[in-house]
Amino acid sequence: MTAEGEIIHFDNVGLRYGTEREVLSDLTFTLYAGRFYFLTGASGAGKTSLLKLLYLAQRPSRGAVRMFGNDAITLSRASLPALRRRIGVVFQDFRLVPHLSAFDNVALPLRVAGHGEKDIAGPVRDILEWVGLSERIDAVPATLSGGEQQRIAIARAVIGRPAVLVADEPTGNVDPEMALKLLRLFEMLNRQGTTVVVATHDLDLLRKVPDSLIMRLERGRLADPTGALRHPPVRRT
Amino acid sequence: MSRDATTRRERRLGPSMLHGMRRLGGGGAELIPQGRMSGPMPWVIAIMVALTAIALAAGLSIGNAVSAAKAEIEGGVTIQIIEPREDTRDRQTRDVAKAVQQLPGVSGLRIVPREELDSLIEPWLGSGIAEATGSAIPVPALIDVRLATGATPQRVETIRAAARKVTQAARVDAQSSWLRPVFEAMVSLQILAIALVALLTLALAAAVLLAARSALGANRDVIEIVHLLGGTDKQVARVFQRSIGFDAAGGGAVGLALAMVVIVLLARRFEGLGAGLVDNGALGWTDWLLLALVPILATLLAMITARFTVLHALRKML
């Protein structure tokens with residue numbers, strides 16, 4: 001049964017790599033459409049592992065995961081791409097394709113989704129302008145600064161208008177001014193209806209998005225200071 | 001390249017072609033850097049295609065020679081009249097010819113002229129023996145019999161019985177029996193050529209499999225990104241399939257050209273031998289068509305191998 005507005009639900013989820021001890025344990029939470037979530041925790045708390053579960057790079061070792069009404073555990077490999085296209089990801093290390101230009105990197109999700117070139121050029125140029133990189137449209141990642149690569153990664157994550165945007169430490173490699181600018185970009189997307197999940201250990205960032213919900217990981221377990229993760233969201237004041 | 005330059009390129013190539021080049025899985029070739037996929041691959045394919053085409057040409061040529069020779073002598077029977085006295089031999093030859101001609105199934109018969117017999121033994125004994133020794137060597141008379149169908153043992157036996165009724169000096173043999181060991185050797189060579197083609201095909205598939213695996217390993221990061229962006233296995237496989245297809249097509253064309261040069265040179269050498277069996281082995285237009293198909297089939301094989309290798313490997317990724 002799917003609660004109204006629910007897009008992702010984790011039920012008693014655990015994750016272990018090989019035979020090691022669990023890096024994530026007993027995670028039970030629900031993400032709702034149109035909300036802004038911060039995922040916090042110390043280094044090694046399991047933030048990146050949880051994000052990997054969210055953007056379907058890993059399957060959990062136990063528990064149940066429901067995404068967009070689908071059982072993500074039993075979902076066939078062939079059904080995964082369609083689900084992944086609904087999730088935009090900003091990787092901590094950007095993961096841009098090194099030999100492709102900024103334009104081609106940003107266009108990649110649209111090409112993957114099978115859009116024709118005439119439907120790609122306009123939106124890609126627009127989004128590159130939106131992240132302030134219209135002048136660097138033909139630059140390859142190696143010639144871009146960390147902040148510029150970060151913005152290309154964000155542009156790539158949002159070009160397909162995903163239902164959920166997952167960002168892993170998106171402000172980790174940029175100066176405070178750029179960090180704030182990126183945060184405003186995420187807020188703008190959020191206002192347009194995208195659910196945003198930002199993993200960060202920068203507590204100052206949390207205060208800058210007053211309507212956000214906080215998920216805190218401690219040694220692989222979820223602390224739920226607001227209680228909002230177990231119940232329909234209540235706006236923080 | 002600037003966007004202006006891209007636009008100029010687009011105008012030059014035509015939008016549809018550029019569209020095809022760029023698309024993932026279509027123009028996905030750009031997604032996988034070409035330098036990593038090419039390298040020695042086109043040359044390996046060129047060598048494989050050249051060797052396959054040469055082996056196939058040899059097989060076809062031997063096949064043609066065997067078929068032509070078989071068609072020529074399959075219905076042939078030779079009657080020898082082994083009689084030292086010339087006048088008796090001539091008379092017996094005429095009588096045997098008359099008796100055999102009346103048999104059912106005999107479509108033609110020819111008494112081989114004396115001059116032709118002399119020319120047959122000339123390479124071994126030389127010419128002018130009669131003049132030099134005062135008497136000719138008693139060479140058996142030959143009757144070349146053509147049967148409407150194959151020279152089965154029963155038919156040969158019927159002819160033998162008819163000839164022996166005239167003279168005990170008659171010896172009857174099916175022409176095909178003389179050349180059976182030669183045919184068997186040629187068929188063995190033909191089987192060897194077919195086996196070589198099969199082995200080279202397997203070797204080509206193995207080379208492509210290794211190349212695809214190595215390219216997959218080298219591009220693992222990019223493939224993972226494409227997957228996480230929602231790319232399907234088929235899209236990724238299409239990129240590799242296309243890239244290896246281009247390599248195979250280029251290599252195949254070079255290989256075929258090399259093979260053609262070798263085949264034409266060898267054909268000229270064999271023409272110079274002037275041997276009947278070899279002359280019959282000339283390649284017909286259907287054979288050349290088959291040879292032209294080698295690079296096309298090699299390209300298809302390379303693409304299919306690449307596709308299945310990549311799909312199989314991707315199945316192990318999430």
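On the stretch given as region B:216-227, residues that are within 14 Å of another protein chain (Cβ to nearest Cβ) and either in contact with a Phe, Trp or Tyr (Cβ under 6 Å, 6 or more places away or on another chain) or free of Cβ contacts under 8 Å to residues at least 40 places away in the same chain (or both) total 3.
The rows are residues; the columns are (1) basic (Lys, Arg); (2) at pLDDT below 85; (3) within 19 Å of A:Phe36 (Cβ to Cβ).
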position	(1), (2), (3)
A:Gln149	no, no, no
A:Gly160	no, no, no
A:Leu183	no, no, yes
A:Val197	no, no, yes
A:Asp202	no, yes, yes
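Which of the following residues is on the phi < 0 side of the Ramachandran plot and at pLDDT 90 or above: B:Leu266, B:Leu200? Exactly one residue qualifies, and that residue is B:Leu200.
Okay, residues lined up against (1) over 24 Å from B:Ala169 (Cα atoms); (2) loosely packed, with under 14 Cβ neighbours inside 10 Å; (3) of a type outside the set (Val, Ile, Thr):
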site: B:Ala53; (1), (2), (3): yes, no, yes
site: B:Ala68; (1), (2), (3): yes, no, yes
site: B:Val96; (1), (2), (3): no, no, no
site: B:Val106; (1), (2), (3): no, no, no
site: B:Ile137; (1), (2), (3): no, yes, no
site: B:Ile143; (1), (2), (3): no, no, no
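For A:Ser76, state whether it is touching a residue at least 40 places away in the same chain (Cβ under 8 Å), more than 18 Å from the chain's Cα centre (by Cα), within 22 Å of B:His227 (Cβ to Cβ) and surrounded by fewer than 21 Cβ atoms within 10 Å (Cβ to Cβ). When the stated conditions are applied, A:Ser76 does not pass them. Residues in region A:162-178 that are farther than 22 Å from A:Arg111 by Cα and under 16 Å from the mean Cα position of the chain (by Cα) were compared, and the one that is modelled with the lowest pLDDT is A:Gly172. Regarding B:Val226, is this residue β-branched (Val, Ile, Thr), farther than 28 Å from B:Ala97 by Cα and either at pLDDT 90 or above or part of a helix (DSSP H, G or I) (or both)? Yes. Are any of the residues in region A:171-180 facing another protein chain (nearest Cβ under 10 Å) and surrounded by fewer than 22 Cβ atoms within 10 Å (Cβ to Cβ)? No, that holds for no residue.
On the stretch given as region A:138-147, residues that are assigned to a helix (DSSP H, G or I) and farther than 17 Å from A:His99 by Cβ total 2.
The lone criterion from (1) touching a Lys or Arg at 6+ places or on another chain (Cβ under 6 Å); (2) more than 10 Å from chain B (Cβ to nearest Cβ); (3) of a type in the set (S, T, N, Q) left unmet by A:Ser76 is number (1).
Look through region A:83-99, keep the residues that are more than 7 Å from every other protein chain (Cβ to nearest Cβ) and either among the aliphatic types (A, V, I, L, M) or surrounded by fewer than 19 Cβ atoms within 10 Å (Cβ to Cβ) (or both), and return whichever of them is farthest from A:Leu165 (Cα to Cα). It comes out as A:Pro98. Residues in region B:228-272 that are within 14 Å of another protein chain (Cβ to nearest Cβ) and among the β-branched types (Val, Ile, Thr): 3 in all.
A quick yes/no check of all residues on (1) in the same structural domain as B:Ala259 (by TED's automatic domain parsing); (2) of a type in the set (Val, Ile, Thr); (3) outside any helix (DSSP H, G or I):
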| site | (1), (2), (3) |
| --- | --- |
| B:Thr158 | no, yes, no |
| B:Ala161 | no, no, no |
| B:Arg164 | no, no, no |
| B:Asp173 | no, no, yes |
| B:Ala185 | yes, no, no |
| B:Ile191 | yes, yes, no |
| B:Ala195 | yes, no, no |
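In region A:143-198, which residues are touching a Lys or Arg at 6+ places or on another chain (Cβ under 6 Å) and of a type in the set (Val, Ile, Thr)? Listed by number, the list holds a single entry, A:Thr195. Taking the condition modelled with pLDDT of 90 or more and away from chain A (no Cβ under 14 Å), does B:Ala282 pass? Judged against the criteria, B:Ala282 is not a match. The residue of region A:36-65 that is farthest from the chain's Cα centre (by Cα), among those that are outside any loop (DSSP other than H, G, I, E, B), farther than 15 Å from A:Asp26 by Cα and more than 14 Å from chain B (Cβ to nearest Cβ), is A:Gly41. If you go through region A:149-169 and pick out every residue that is within 12 Å of chain B (Cβ to nearest Cβ), among the small types (Gly, Ala, Ser) and part of a helix (DSSP H, G or I), you end up with 2. Of all the listed residues (B:Arg110, B:Arg94), the sole one being basic (Lys, Arg) and in contact with a strand residue (DSSP E or B) (Cβ under 7 Å, 6 or more places away or on another chain) is B:Arg110. Of everything listed in (1) under 29 Å from A:Gly5 (Cβ atoms); (2) surrounded by 18 or more Cβ atoms within 10 Å (Cβ to Cβ); (3) more than 10 Å from chain B (Cβ to nearest Cβ), the single unmet condition for A:Val106 is (1).
The values are calculated or read from the model by the stated rules, or taken from the named source; none is laboratory data. None of the values given here were measured: they were computed from a predicted structure. Cβ: placed from backbone, ideal geometry, glycine included. Neighbour counts: every protein chain shown.
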